[in-house]
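First comes the structure, then the notes that go with it.
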Amino acid sequence: MWGGRFTLGPSQALDALNRSLPVDHRLWPQDVIASKAWVQALGRVGVLTPVEESQLLDGLDRVAERLADGAAVGAPDEDVHTLVERLLYEEVGPGAGKLHTGRSRNDQVATDLRLWTLDAIDQLDAELAALGATLVTRAREGTDAILPGYTHGQRAQPVRWAYVLLAHAWPLVRDRQRLADARRRVAELPLGSGALAGSGFAVDRVLLKEALGFRSVSANALDVTGDRDFVAEVLFAIALVGTHLSRLGAELIQYASSEYGFVRLADDFSTGSSLMPQKRNPDVFELARAKSARLLGDLVALLTTLKGIPAGYSKDLQEDKALLFDACDTLAVVLPAVTGAIASLAVDRQRMHAALDACLRATDLADLLVEAGVPFRESHGLVGKLVREAERAGVPLDRVPEAVAAGIHPALGAALTQLGTWEDSVEGRATPGGASRKSVEDQLEELRKLFAAAGGT
Ligand code: ARG
């Protein structure tokens, strides 16, 4: 392919380092599609006769069939592009040598990888929507279940189970928006850029763009052949998805522990211990948490690769694919497992209810004092004294004798009798976006629509 100016072929050691076929073979469908579009573009400007054009197009179809049958397995070629070209020679003979006219592997690989990435984004979007829809379904069943809401790992205020699940669904909405936004920039056509300075043949790049389903034509050949911003953006969006799954996993691991006992993993989403028969391990969430580290690694490795190289193509860029494929493959196994585990999770409302300690009403008491005319800073301090008194006496906050409470402040004794139920407490915070029934129902409706719609915008 490029051996003309050398007297020796590459050493085995160089070949082992340089070859990318073991990684990039999965780009063959994109390489064939882009090559067919290129053949047609060359035909339109008269570089190929109509006979040559149809010979190459038929040949590429036969190459695709052979690749679908596994022709890439064990192939000796340097990369997917040289593999496709060699197979084309086998199919159509020396005429195959006309395919690479006016094209470089630099614009070719950038085109193939962008095409692959567009599909990968669509797949990922569908998997995120499936997880989001599952969270919404499970949330809808959990509107009446009240449990402690936590900050700093400490019981803070009562909330609905639905509300907790929805707090993990909203990040997925943003993840899908980020992917959809990145997708617009991925859909830019590099083909027709040549190696760095444009093609020597006047191919119609707008027609090429349309044939391949891109949104726009790249503006600068030197930029687009060396640009992997699109990979970095997708890797960032994926790393953040990983971070979100990790946080969701961390929370559910805690709730699944015997200490909390709020949820229980279904048998087919639990793992056991080889030693301790009683164990029901949440491996699915632990692995989701751990895999996020690897996704971050893929992003950091790519950015570090990019930062040192000038505009245009350098072989460093070949490393982009292993990182992007690894990240997409990782989420492709993590997302369905997390979705399945959440779909089948058993929820223990009694355990949730049992964890509702009366100290979770401290804010309600302070608010009741405010209604009685006490400035909030003062009421905060007064309820703090009541908490101290409850701790000293070893009784729940709402069991401090009314007379003792009234001794701290006259309005506090009355406030204790006005507390109402846990439901009242949750409904007391009725601002939009809060944990009240109306707010949760509004969110359920909005999220149901968002996760039903493909495209994530
Ligand atoms: N295998 C290469 C890659 O993935 C294709 C581009 C090679 N270009 C070059 N000028 N050597 O980046």
TODO: Pick out, from region 157-275, the helices (runs of 4 or more DSSP H) lying fully within it that include 3 or more residues that are touching an Asp or Glu at 6+ places or on another chain (Cβ under 9 Å).
DONE: 161-186, 221-226, 229-256
Open item on the list: Against the conditions (1) farther than 30 Å from D283 by Cβ; (2) crowded, with 21+ Cβ neighbours inside 10 Å; (3) aliphatic (A, V, I, L, M), where does A403 fall short? Just the number, please.
Closed with: (2)
- [ ] From D329, D316, grab the single residue that is acidic (D, E), closer than 17 Å to T117 by Cα and either more than 16 Å from the ligand (Cβ to nearest atom) or surrounded by fewer than 18 Cβ atoms within 10 Å (Cβ to Cβ) (or both).
- [x] D329
Task: Sole exception among (1) assigned to a loop (DSSP other than H, G, I, E, B); (2) within 13 Å of the ligand (Cβ to nearest atom); (3) farther than 28 Å from A332 by Cα for E78, by number - done: (3)
Task: Selection status of R228, within 20 Å of L335 (Cα to Cα) and in contact with a helix residue (DSSP H, G or I) (Cβ under 7 Å, 6 or more places away or on another chain) - done: no
TODO: Scan region 195-221 residue by residue and report those that are buried (at least 19 other Cβ atoms within 10 Å of the Cβ), over 29 Å from the mean Cα position of the chain (by Cα) and closer than 22 Å to P310 by Cα.
DONE: S199, A221
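Table: residues versus (1) modelled with pLDDT under 95; (2) under 18 Å from G194 (Cβ atoms); (3) not charged (D, E, K, R).
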| position | (1), (2), (3) |
| --- | --- |
| L57 | no, no, yes |
| V63 | no, no, yes |
| L67 | no, no, yes |
| E78 | no, no, no |
| H81 | no, yes, yes |
| R103 | no, yes, no |
| D112 | no, yes, no |
Open item on the list: Residue under question is Q157, and the condition is that it be in contact (Cβ under 8 Å) with a residue 40 or more places away in the chain, closer than 18 Å to S439 by Cβ and surrounded by fewer than 23 Cβ atoms within 10 Å (Cβ to Cβ); does it hold?
Closed with: yes
TODO: All but one of (1) farther than 29 Å from T134 by Cα; (2) away from the ligand (no atom under 16 Å from the Cβ); (3) buried (at least 16 other Cβ atoms within 10 Å of the Cβ) hold for L345, so report the exception by its number.
DONE: (1)
Open item on the list: Within region 402-457, considering only helices (runs of 4 or more DSSP H) that don't extend past its boundaries, which have at least 3 residues that are closer than 23 Å to A366 by Cα and in contact with a helix residue (DSSP H, G or I) (Cβ under 6 Å, 6 or more places away or on another chain)?
Closed with: 402-408, 410-417
Open item on the list: Here is a list: E53, E90. Which entry is more than 16 Å from the ligand (Cβ to nearest atom), within 19 Å of L212 (Cα to Cα) and either under 37 Å from the mean Cα position of the chain (by Cα) or part of a helix (DSSP H, G or I) (or both)?
Closed with: E53
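The values are calculated or read from the model by the stated rules, or taken from the named source; none is laboratory data. Being a predicted model, the structure only gives us computed values, none of them experimental. No Cβ is skipped: glycine too gets one built from the backbone with ideal geometry, and neighbour counts run over all protein chains shown.
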